[in-house]
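The values are calculated or read from the model by the stated rules, or taken from the named source; none is laboratory data. Keep in mind the model is a prediction, meaning the values are calculated, not measured. Please note: Cβ atoms are built from the backbone with ideal geometry, for glycine as well, and neighbour counts cover all protein chains shown. What goes into the accessible areas is simple: the full protein's heavy atoms, side chains included, and nothing from ligands, DNA or RNA. Shrake-Rupley method; radii C 1.70, N 1.55, O 1.52, S 1.80 Å.
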Amino acid sequence: MYFELSLIPFSLIVLLFLIFWIVKDGTRWQKHPQLGVFARFIQVSPGRAFFSFFILNVLLVPATLLLLQGVWWDLLATGKAISNTVPVVNTLLIMFLVLAGMIPVTSGSFGTWRHAVRAAAEVKVRTTMG
């Protein structure tokens, strides 16, 4: 029961990340009936896109540890002792697998944000110098 309850935040984080990743590019998503809200939120600026992805990456770690805690609470609730490390290894493998897909997207959005900031600074310098 505790594992299933702790699966909710983990699933929501992964689902939000996938939705933001899908609607990150393209203005056609802004008019979509269900995904338009997410598209309008993340397409405001490259900085907002990066920080949204980054926050979801950071939140995935405690959500994964909550999954592990749910497994342990279920074992303790049934009266069984924690006899091996299989739940720990499986939970960490799931976290690493999901993060392996999330980190490149976050890194790409960081690059986009960095280039946008540089371009804005370059335009500002050009306009002030003449």
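A few remarks follow.
- Inter-part distance, region 3-45 to region 59-130, computed on C-alpha centroids, equals 16 Å.
- Förster radius 41 Å - calculated FRET efficiency between residue 76 and residue 55 (Cβ-Cβ, nearest 0.05): 0.85
- Calculated P(r) of region 1-123 - Cα pairs past 17 Å, %: 63 percent
- Here the relative contact order of region 3-130, from alpha carbon pairs under 8 Å that lie six or more residues apart, stands at 30 percent.
- Accessible area per residue for the chain, computed on protein heavy atoms with a 1.4 Å probe, is 66 Å².
- As a fraction of the 1.4 Å probe accessible area of region 1-85, surface on carbon and sulfur atoms comes out at 72 percent.
- Taken over region 76-130, the alpha-carbon convex hull comes to 98 cubic angstrom per residue.
- Cα long-axis angle, helix 46-77 against the chain (0 to 90 degrees, to the nearest 10): 0 degrees
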